[in-house]
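Student: Have a look at this one.
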Amino acid sequence: MQQSRETSLPWFERAGLVVVLPENALVCLPCKLALLTKSASIFRHLRETHGIELPHHSLYASQLDRLNLTDVSKVQPRPDGSLELTAVEKVRGYACLHCRHRTSS
């Protein structure tokens, strides 16, 4: 079961955005993508991908700031055995056959 936290921002849920836990990261459910936490990036994604225009950016930006989201570039991989994160697209990756690193290098 996917865990997410309530944001009490109606526009947030209508846009298909959720905050996944325990990462506290912002995910666009229709796209299955974790988003950067800069408000301009979020507004651009909503406008260009979903045709959602938010007219009062400063109001929405301050609401986003209060969520204290973790930037997607700083989210650590979940430990082995953790529940699957179903909100984001799965990408086939690499795993070393000789150690526990999940990288091709």
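Student: Arranged by the count of other C-beta atoms within 10 angstrom, fewest first, what order do H56, H50 take?
Tutor: Arranged by neighbour count, lowest to highest, H56, H50 become H56, H50.
Student: If you rank R92, R66 by fewest surrounding Cβ atoms within 10 Å, what's the result?
Tutor: Listing R92, R66 from fewest to most nearby Cβ atoms yields R92, R66.
Student: Within a 10 angstrom radius of the beta carbon, how do T86, T37 rank from fewest other beta carbons to most?
Tutor: In increasing order of surrounding Cβ atoms, one gets T86, T37.
Student: Roughly what would the spin-label model give for R92 and H56, points 7 Å off Cα along C-beta, in nm?
Tutor: Result: 4.8 nm between the two label points.
Student: Continuing with the same structure: Determine the gain in length on full extension of the stretch R44-W11; use 0.36 nm per residue of separation and subtract their C-alpha separation, reporting nm with one decimal.
Tutor: 10.4 nm
Since every read-out is calculated from the coordinates, none of them should be taken as a lab result. Computed from a predicted model, the values in this text were never measured in an experiment. Don't worry about glycine lacking a Cβ; one is built from the backbone with ideal geometry, like all the others, and counts go over all protein chains shown.
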